[in-house]
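Report on the following structure.
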Amino acid sequence: MATGPFELNSYVGRKPVVLTLLMALTVLLFMTVTGISHIFNSQQQSLAQRWSQRGAVDLKAQHYPEAVADFRTALLYDRDDYSFQLSLAQALLGLHRTDEAYTYLINLWDRQPENGLVNLELARIAAGKGDTWQAIRFYHNAIYATWSGDQDAESRNARFELIHYLLGIRATTQAQAELIAIDANLDADSPLQEQLGELFLKAKDNQHALSAFRRALRQNRRNQAALAGAGVAAYGLARYPIAQRYLEEALAISPNDQISAQRLHKTTSVLMLDPYRPQVSAIDHDRMAIHAFTVAGARLKSCTPSWGPAATAMQNLTKNWNSLKPHVNLSGLRRDPDLVNQAMDLAFSIERQASPVCGVGNDDDQALRLIANLHEEN
Amino acid sequence: MFREDRYFLMISVFIGIFSGLAVVCFRYAIDWCRIYLLGTGATPSHTRLLLAPSLTGLAIAALVIHFFPRARGSGVNQTKAALYIFNGYIPLRTALGKFIISALAIGSGQSLGPEDPSLQIGASLASAIGRRLGLSRDRMRLIAPVGAAAGLAAAFNAPISAVLFVIEEVIGRWTAGILGSVVLSAVSSVVVMRWFLGSQPLFRIPAVELLRPSELIAYSVLGIVGGLASVAFASGIELLRPRCARMHPWTHYLQPAIAGLLIGVIGALGAPQVMGAGYGYMDEAMHGRFTWQFLAILALLKIVATLLSFVSGTPGGMFAPTLFIGAMLGGAVGGAEHALLPYLSWSPGTYALVGMGVLFAGFLRAPMTSVFMVLEVSGNYSIIVPVIVANTIAYLISRTLMPVPIFDVLSRQDGMDLPSMEEQREENILRVEDAMQPPPEIVLEAGDTIEKAQRAANRSRAEVLIVRLRHSGWNSIAISALQSLIQEGKGDRILESVLVSESIPVLHPDQPLDVALRYVDRWPLVPVVNRANLRELDGVISERDVLERYRDFGGE
């Protein structure tokens, strides 16, 4: 029986020959398909690149719907590309389609748990959903993750973002810890010292805030924000002379800074009313005590509750103030230095009693309370 | 050097490699067709949406009618026909036709999938190789399923599912010889496919954690909905396919074009997702792109689109559409449940994946394959419990409401009566215990004398007595033989010395009755003994018992 060129029947009795022929055919077909595959893959890669480039442009221009469509198309041609999926997730986040973006991101996270950007985006989504535990976890992942660009800067930015988040949810203690971590790793001449100081201020860590602002001022003595911040931090630390100096300098640079002006006014009031501060002459010491006593008297007059225990207490204080009033003058204080303490204690008591009943009062009243607190601490 | 079975195993590897290469090229062809017919963008223009599937439909009809008539129809059934009717013969022309026409159809947006054509391409290649090698008829019959497994494995990137499917739906039985060949071909085709297309699973979803076991109820609801949807889908095919086939022959030139046009209209009206195989959109559904309401609409539209494509005679498979419908339905049911019961843990990917398995189990009626398919296409084993629960429910509902599986419906519509694997699985088989008689009152011992045995035999009305041998085994002796021995004066001899053989075969109550047929014509009475104690007689069976039981069974 005649056999064609591809008839293997004649070789059936010689199985090794058949297998060898099949092997040769396999090699031939493999090479052919490899060639076809190369053409196919080149075309797919080219299409993927073309669409992803369009997507990148749209994403940069914040044209999110177009970017989503572009990256989806790019993924048609290279469905496993990590960067396309990440960009798609970012575009989806731009459209506030967080659930969809989350699914992409969590898959990417499965593939590369160490990717900083993925962790950061996941942290943002968790933060947006109010899932604090997950948010902090992903933020920390992002801080210690691998970043494609400047590793230190990206990591620091992620930590700054975490700090903002913690301050937003009033987790001050955790925010302070994160700030101290940044502080330890930040160069003294870093332009971020001012930002650090601001965050320390928000985290109510005045000591570190003042240090950070001072470092910022070393770089630029006329940094108005740093001067104002240093003034606020010093004020918070009850270091009023320093606060006054910084705030005055800040206002000199920017006279329209209302907040610094207010803070300076309070600081000045404290300095004018505090007879206990060091390096004050005897005459100024007495004058300050008289001034404080007078402020307290004015407070008594303006705060007269009509009934209840507060009214009784205020009446008693008024009685005490009236009995002490004739002696609180320059000559009286010179004769009896202990009167200063009595007058100041009474003034402090008046402010403390009046505050819950009649509100915080004017700047002088607030200054007196600050002095009272400072005096008690000392 | 090469025994026949080893040689066949080696050939299976080559079949797998060739099928894998063919499927890789088929995938490239589909993508190229899509790019050139529908454009490179994810959402084609309306003009392309309307023109590409309809004009390509005209070409498809002409190709099917004039050049590749056998390319029409289910690849699974054609492979089964090759196995049971045509001695493994599938023309290579069929593979070529399936390759070209299915690539055009799927690439132009017809709602069909590449898996069934891949399966048939594999089977056809295997058949061609077998013919060239002049394999024996037995081997030729098996070679088409071996190729089918390779084709399906490469299409799904899922060797276990492919092997299971071919065993479950095509061959219907497990033997070491078949399994070895099928596994080798499936694995080698997947290796080839991964070489060219990568080894990533078809879908990627995060690991699933059931917060509480009661969440399985939510997946059970998906099983119920999926079961009902499967029945609706299959009933639509059962109803419409013969009607379209009966239409005037000239309409067959237009049917794929009209189906394509209508599908294009669906796409242009805002649901282009239903066009083509739809794997990209399944992935997007798993990533929560669509609302649950839109997912439900997509599931419904996909059923319509697939019905249109399939009943119009356009070659292509129903695996991918089934998975698409399941994914959308799963996402929709999960989303709706979450909207109603917000405390349920909700992941669109999980529900979509389970939904795929549900439709696979309910529509294709391959319950085992459906479970493994979901695990393999996702590479995620954490969802196995919801998948098993939901798939089982869908399968049971589908089987109850639609007793004949879709593959059997299609083969009967095509005028063939192929063996139904589901019916075979469900078939009640007779066992030895159904026919055996209780143990006889008198059981002789091998150490008894013939006189003693004769005295005992006098008390029995049986013609043959069972003899328990001394150490192990059983034998039998006819009463007439005992009488003859007495007459010969051998009454004082012990039974053991006169028995013709050392022992006779024994049966166990759970064995199929077919097994008994091998013995009952050679031994008049066969002992049925306990598996736990081979010296304990559970009963006896004779040829008459077997035949009477078969006669009664036929009447039942």
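Each value in this text was obtained by applying a stated rule to the coordinates, not by laboratory testing. Every value quoted in this text rests on a predicted model; they were computed, and no experiment measured them. Note: ideal-geometry Cβ built from the backbone for every residue, glycine included; neighbour counts use all protein chains shown.
Given R0 = 45 Å, the distance between the Cβ atoms of B:Ser235 and B:Asp5 translates into a calculated FRET efficiency of 0.55.
Starting from the Cα gyration tensor of chain B, take the square roots of the eigenvalues, sort them a ≥ b ≥ c, and report rounded, prolate or oblate (rounded when a/c is under 1.5, otherwise prolate if a/b is larger than b/c, else oblate). Cα axes put chain B in the prolate bin. Between A:Asp189 and A:Thr146, the FRET efficiency from the beta-carbon distance, with R0 = 45 Å, is close to 0.95. Per-residue shielding of A:271-280, expressed as the average number of other chain Cβ atoms within 10 Å of the residue Cβ, stands at 0. Given A:Lys15/B:Lys98; A:Lys15/B:Lys80; A:Lys266/A:Lys301; A:Lys301/A:Lys325, which pairs have Cα atoms separated by over 24 Å? Going by Cα-Cα distance, A:Lys15/B:Lys98; A:Lys15/B:Lys80 fall outside the 24 Å limit. Taking label points 7 Å from Cα along the Cα-to-Cβ direction, B:His248 and B:Leu228 give a separation of 4.1 nm. Backbone phi angles across the range B:450-464, fed through the Karplus curve with coefficients 6.51, -1.76 and 1.60 (θ = phi - 60°), yield HN-Hα couplings of 5, 5, 4, 4, 5, 5, 5, 5, 5, 7, 10, 9, 6, 8, 10 Hz in residue order; Gly and Pro are listed as x. Each principal axis of the range B:2-197 carries a Cα extent, and these read 59, 34, 27 Å when sorted largest first. What separates the Cα centres of the range B:498-556 and the range A:271-338 is a distance of 120 Å.
Put simply, the amide H of B:Arg431, placed in the peptide plane, has neighbours under 5 Å in B:Leu513, leaving out anything fewer than 5 places away on its chain.
At an R0 of 22 angstrom, the distance between the Cβ atoms of A:Val27 and B:Leu92 translates into a FRET efficiency of 0.55. The gain in end-to-end length when the B:Gln413 to B:Thr449 segment is fully stretched comes to 6.1 nm, 0.36 nm per residue minus the alpha carbon separation. Shape class for the protein assembly as shown, computed from the alpha carbon gyration tensor (a ≥ b ≥ c): prolate, with a/c not under 1.5 and a/b above b/c.
Excluding same-chain neighbours fewer than eight residues apart, the lysines reachable from B:Lys490 by a Cα-Cα span under 24 Å are B:Lys452.
Helix B:384-401 and the long axis of chain B differ in direction by around 80°, with both axes built from C-alpha atoms. Estimated at 0.36 nm per residue, the fully extended path between B:Arg461 and B:Glu423 surpasses their Cα-Cα distance by 9.4 nm. Across A:Asn223, A:Asn256, A:Asn157, mean-square fluctuation computed from a Gaussian network of chain A (C-alpha pairs under 10 Å connected) peaks at A:Asn256.
Quick check: Cα centre of the range A:61-115 to Cα centre of the range B:243-318, how many Å? Distance between centres, Cα-based: 27 Å.
Distance between the pseudo-spin-label points of A:His327 and A:Gln43 (7 Å out from Cα toward the beta carbon): 10.5 nm. Averaged over the residues of peptide A:97-109, the number of Cβ atoms from other protein chains lying within 10 Å of each residue's Cβ is 4.
Taken residue by residue and averaged, Cβ atoms of other chains lying within 10 Å of the Cβ of B:5-15 number 2.
For the range A:165-254, applying the loop criterion from DSSP together with a ceiling of 13 other beta carbons within 10 Å to the trypsin sites (Lys or Arg not before Pro) yields A:Arg170, A:Lys204, A:Arg221, A:Arg222. Extension gain, B:Val500-B:Thr175: 0.36 nm per intervening residue step, less the Cα-Cα distance, totals 113.4 nm. Taking A:Val118, A:Val18, A:Val360 in turn, the Gaussian network model of chain A (Cα-Cα springs below 10 Å) assigns the largest fluctuation to A:Val18.
Expressed in Å, the radius of gyration and Dmax of the Cα atoms of the range A:283-377 are 12.9, 40. Only DSSP H runs of four or more residues enter the estimate; each adds -39500 (n - 2.57), and after division by the residues of chain B the mean residue ellipticity at 222 nm equals -21000 deg cm²/dmol. Prolate is the label for the range B:219-378. Its Cα gyration tensor axes, ordered a ≥ b ≥ c, give a/c of at least 1.5 and a/b above b/c. Where does helix B:543-555 land angle-wise versus the long Cα axis of chain B, in degrees 0 to 90, nearest 10? For helix B:543-555, the angle is close to 30 degrees.
Between the Cα long axis of helix A:193-202 and the first principal axis of chain A there is an angle of about 70°, rounded to the nearest 10. In whole Å, what is the distance between the alpha-carbon centres of the range B:405-477 and the range B:64-132? Between the Cα centres of the range B:405-477 and the range B:64-132 lies a distance of 45 Å.
Taking every alpha-carbon pair in the range B:254-319 and binning the separations at 10 Å intervals from zero gives 21, 53, 22, 3 percent.
Label-to-label distance, B:Asp138 versus A:Trp133, with points set 7 angstrom from Cα along the beta-carbon direction: 6.3 nm.
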